[in-house]
Amino acid sequence: MKKQDEPGGRRTENSQNNRQKVAQHRVEVLKKAKEIVMKKYHMTESEAHRYIQKTAMDSRKGIVEVSEMIIVLYGDAS
């Protein structure tokens with residue numbers, strides 16, 4: 001068995017790092033999308049979160065995918 005395949009080996013660490021990066025990306029994307037929705041539609045943070053959730057459910061898409069679409073479509077809604 002290679003060292004990478006051992007528990008606690010490099011492969012496990014890389015997998016954990018990748019999961020952390022993905023989770024952090026999800027949080028950042030959702031936060032940015034909420035900021036845009038809050039500015040554009042004059043909503044509170046919880047209202048913006050619910051808006052994104054509902055849009056994701058209604059369109060049968062993931063919350064991150066909807067958040068990314070909001071960022072692409074509206075960018076910095078100043």
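Any read-out appearing in this document is the output of simple, stated calculations on the displayed coordinates, not a laboratory observation. The model shown is predicted, which means the values in this text are computed figures rather than measured ones. Note that each Cβ is placed from the backbone with ideal geometry, even for glycine, and that neighbours are counted across all protein chains shown.
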Just subtract the alpha-carbon distance of residue 65 and residue 40 from 0.36 nm times their residue separation and send over the number in nm, one decimal.
7.1 nm
Between beta-carbons, use under 12 Å as the cut-off and find the net charge around residue 20, counting Lys and Arg +1, Asp and Glu -1.
+2
Divide the volume of the convex hull of the Cα atoms of the stretch 30-78 by its number of residues and quote the answer in cubic angstrom per residue.
57
Listing 42, 49, 25 by rising number of other beta-carbon atoms within 10 angstrom, fewest first, gives 42, 25, 49
Can you tell me the FRET efficiency between residue 28 and residue 50 if r is taken as the Cβ-Cβ distance and R0 is 22 Å, rounded to the nearest 0.05?
0.70
